[in-house]
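One structure is given here, and the rest of the page talks about it.
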Amino acid sequence: MNTPLSLLYLLIFPGGLFLIAMGLVYEWADRKLVAQFQNRIGPRWFQPLADVIKLLAKEEIIPAGVSSGLFTALPIVAVAAALTAALNVPMFGLRPAYSFSGDLIVAMYLLSLMTLCTGLAGANTNDRFSLIGATRTLTQLFSYEAPFMLALLGPAIMAGSWNISEINAYAESHLWMVVTQPIGALVAIIGLMGKLELPPFDAPEAETEIVSGALTEYSGRGLALFHIGKDIELVIGLTMVSAFYFGGLSNPIYFIVKTVVLLLITAGLQSLFARLRIDQTVGMWWRLGALLALLQLLVLIVFKGFGL
Amino acid sequence: MDSVWTKTLNQVKTWARINSPWAIHFNSGSCNGCDIEILATLTPRYDVERFGIKLQGSPRHADVLICTGPVTRQAKNRLLRIYEQMPDPKFVIAVGSCGLSGGAFQGCYNITGNINEVIPVDVYVPGCPPRPEAIIYGVAQLLAKLQAPAPAVKEG
């Protein structure tokens, strides 16, 4: 790998600028769709961009009693992790920039790092709302992570590989896995919403109860970086789920159509359901989500074991 | 060269500020009439997300402090603290007659006075209570003020 090409990968195409722009566009689409479902007109197309620029241009207050190094570093680590995860997924329907055996696990953990950073950011500040938010963020991490992982394991088992691009290639050449593994697809979509803390699972940042959760004390640049990180995570999550369950992403047109349809589904679910309490979220995931995902896995193993 | 760069950057910053005013709402002793109107402003009927206005819970995330009511002696320190917690640049909109002058509570033993006596106010929205349209107009006035160059100071 020569250096200019690597820099191009990191800064412009799958990582960096492209992904940030993509994330902002998808955030706008999500907000617009939710607004339309609520009979509103919704934000203008440049709204997320204006929000981010405004936050970047604002003063950043480092509150008393925090470890200021950690306070500054955590948003950067979060964005870096999300951007790194993007290198392994078939972004925009093209080949992943870096591909190796087992990159599914790496991408999953890099995406979790973002949530972990949010949790640590909340625990780092002395504010009570941040602390409650951090506790809830981490609790929710432990509840959706296992079922989501199991749901992504299904396609991996069918493809016989831990490599995202190999699974993608398998999904392209076979029947859509949303048809063959409907339970896994359901768990993956809802798991994605849990991962992104979208409305039915937004107890960690419930603005009516705990101000803004873990990010209450963040202002200016830190908040902007967390916003960007969340947007990138949205794009990567949509890419992964549609690559695995919705027949793979072989070209940019498929990428746009499939991720936007998936976004439409998640936006619909967002406006349909009211917020779950944190204990309800955990209960739902472990009593229902994990069991369903395990059932799906069992079916797959039996199916594969008999060599069908 | 340098000044062109700074000028462009400032234009971009102003553009972003005008298009994304995040608000926080604080009641420093109002009768709740104005607060109900503010909440009505945030409902889907008026849909302020069209202008990028978003209600934030945390003063650290907010640009605009929408303040109602006269300032009672007890609320004075809280109002100051909320204002100090907001990162620069920050703006204040006083909503309702009480915020302007003390209104019906003017001269009360437990009142410090109007909002401008405690924190600097950028825009006043009169009314008892003002209608949601008036509140949106107030925000629009604030945004127009951001866009316009600072008025010339009179010499002497």
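The values are calculated or read from the model by the stated rules, or taken from the named source; none is laboratory data. Note that the structure is predicted; figures quoted are calculated from it, not measured. Glycine gets a Cβ as well: all are built from the backbone with ideal geometry, and neighbour counts include every protein chain shown.
Restricting the search to the stretch B:54-83, which residues are facing chain A (nearest Cβ under 10 Å) and of a type outside the set (Gly, Ala, Ser)?
First, pick out the residues of the stretch B:54-83 that are facing chain A (nearest Cβ under 10 Å): B:54-63.
Within the stretch B:54-83, B:Lys54, B:Leu55, B:Gln56, B:Pro59, B:Arg60, B:His61, B:Asp63 meet the criteria.
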Counting only residues that are crowded, with 20+ Cβ neighbours inside 10 Å and at pLDDT 85 or above, how many does the stretch A:246-259 have?
2
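Within the bounds of the stretch A:11-28, is there any residue that is at the interface with chain B (Cβ under 9 Å from one of its Cβ atoms), under 20 Å from the mean Cα position of the chain (by Cα) and in a helix (DSSP H, G or I)?
Start the filter on the stretch A:11-28 by keeping residues that are at the interface with chain B (Cβ under 9 Å from one of its Cβ atoms), which leaves none.
Within the stretch A:11-28 (the criterion being at the interface with chain B (Cβ under 9 Å from one of its Cβ atoms), under 20 Å from the mean Cα position of the chain (by Cα) and in a helix (DSSP H, G or I)), the answer is no, since none of the residues qualifies.
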By my count, helices (runs of 4 or more DSSP H) wholly in the stretch A:140-218 with at least 1 residues that are more than 14 Å from chain B (Cβ to nearest Cβ), among the hydroxyl-bearing types (Ser, Thr, Tyr) and over 30 Å from A:Leu70 (Cα atoms) are A:164-173, A:177-180
Within the stretch B:28-67, tally of residues that are more than 21 Å from B:Ser97 (Cβ to Cβ) and touching a Phe, Trp or Tyr at 6+ places or on another chain (Cβ under 7 Å):
6
Residue check, B:Thr112 against (1) more than 14 Å from every other protein chain (Cβ to nearest Cβ); (2) touching a Cys at 6+ places or on another chain (Cβ under 9 Å), all met but one. Which one?
(2)
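Among the residues of the stretch B:97-106, is any on the phi > 0 side of the Ramachandran plot and surrounded by 15 or more Cβ atoms within 10 Å (Cβ to Cβ)?
First, the residues of the stretch B:97-106 that are on the phi > 0 side of the Ramachandran plot: B:102-103.
Okay, now just the ones that are also surrounded by 15 or more Cβ atoms within 10 Å (Cβ to Cβ), so B:102-103.
For the stretch B:97-106, residues on the phi > 0 side of the Ramachandran plot and surrounded by 15 or more Cβ atoms within 10 Å (Cβ to Cβ): present.
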Are any of the residues in the stretch A:34-54 surrounded by fewer than 20 Cβ atoms within 10 Å (Cβ to Cβ), assigned to a helix (DSSP H, G or I), more than 8 Å from every other protein chain (Cβ to nearest Cβ) and not hydrophobic (A, V, I, L, M, F, W, C)?
yes
Check the stretch B:72-80 and report whether any residue there is within 20 Å of B:Gln141 (Cα to Cα) and not aromatic (Phe, Trp, Tyr).
no
